[in-house]
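The values are calculated or read from the model by the stated rules, or taken from the named source; none is laboratory data. Everything numeric here is computed off the predicted structure, so don't read it as measured data. All Cβ positions, even for glycine, are placed from backbone atoms using ideal geometry, and neighbour counts span all protein chains on display. With ligands, DNA and RNA removed, areas are computed over all heavy atoms of the protein, side chains included. Shrake-Rupley method; radii C 1.70, N 1.55, O 1.52, S 1.80 Å.
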Amino acid sequence: MRDNQPMIWNFAKMQGAGNDFVVLDGVRQSIQMTPQRARALADRHFGIGADQLLLVETPSHPEADFRYRIFNADGTEVEHCGNGARCFVQFVHEQGLSGRNPLRAEICTGLITLTQSEFGDVSVEMGQTRFEPEALGFDAQGLLFRPCGEDTLWTLPLAGHDDVELSLVAISNPHAVQVVDNIDTAAVADTGPLIESHPRFTQRVNAGFMQVVDRHTIKLRVYERGAGETLACGTGACAAVVAGIRRGLLDSPVIVNTRGGQLTVGWDNTILRMSGPAVTVFTGQVDIDALTHQFNTKDPTLK
């Protein structure tokens, strides 16, 4: 039994190209996020259900309007989420937290700039891209590699499967991108988890599977770190486009077709920009302690 009054959190359920989020206002209410609370909120049977949790807070950086934090469905806090960033802007404007446009958001690796168009779409300047293995926490010692255009392809052995050739791209968070012939038959469910949790990636990695349609169009599936395969991944879309341009397969801008919708990514070797939709599905309130208790006492055999 709880002696204190219920701890009620206001929230919004949002989605960007099918990548779905629970968004919380940590400016006007006190939000003490923990891994257990994040897992309970994200659970699709016992909670609200989400790929990630987004938390809007007062910034510490003097040039930022807000601090923006991201928690995966498994409770881990991560560096960046492009689809979430678009929902963050929509949330801030809808909730009346700010009318500024563009907005500057503080993430754990720096600042990003976000602009909402008159039609509701949001464009995000995604920040710095890096390609060296250490930027991803990738142990490349002893691995085969080969140049491909301006890119380097690393050969990663997978237990029980053929080796895969990966492009490494860090956009605050780490991505490993491979080119496949057919996105519909790609072994995402089988090899995605093996790449995501491969011991060579000390911080795990987002595994991207890219099919090139033409020089301005790709199809993409992403097995996300801490969330599994999602309907869309904003930073994954950016990583795939950057990898494709560096390999000489693509020209900017690129339409990225995901299972949840369409994103547009542009890159000129300096500025990386992504645009796409951000939609509020519903708003509500949750007794976070009651929800977490229910989640913690569920049958442990249930996924």
| field | Charge context of Ala64, other residues only, Cβ under 9 angstrom, K/R +1, D/E -1 | value | -1
| said: Give me the extension gain from Asp214 to Arg28: residue separation times 0.36 nm, minus the current Cα-Cα distance, reported in nm with one decimal. | reply: 62.3 nm
| said: For the chain, give me the percentage of DSSP beta bridges that are antiparallel, rounded to the nearest 5 percent. | reply: 80
| message | Within 10 Å, Cβ to Cβ, of Gly226, how many net charges do the neighbouring residues add up to if Lys/Arg are +1 and Asp/Glu are -1? | response | -3
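Ordered by packing density, taken as the mean number of other Cβ atoms within 10 Å over each peptide's residues, highest first, how do 141-149, 46-54 rank?
Peptide ranking by packing, descending: 46-54, 141-149.
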| remark: Computed, not fitted: 222 nm per-residue ellipticity of the chain from DSSP H runs ≥ 4 (each -39500 (n - 2.57)), nearest 500, equal to -5000 deg cm²/dmol
| query | Carbon and sulfur together cover what percent of the accessible area of region 10-73 at a 1.4 Å probe radius? | reply | 44
| remark: For region 122-128, in residue order, the Karplus 3J(HN,Hα) values (coefficients 6.51, -1.76, 1.60; θ = phi - 60°; whole Hz; Gly and Pro = x) are 10, 10, 10, 7, 7, x, 6
| query | For Leu249, what charge total do you get from the other residues with a beta carbon under 14 Å from its beta carbon, if Lys and Arg give +1 and Asp and Glu give -1? | reply | -2
| Nearest-5 percent of antiparallel DSSP beta bridges in region 20-158? | 75
| note | Over the chain, with neighbouring protein chains present, the accessible area per residue in Å² at probe 1.4 Å is 44
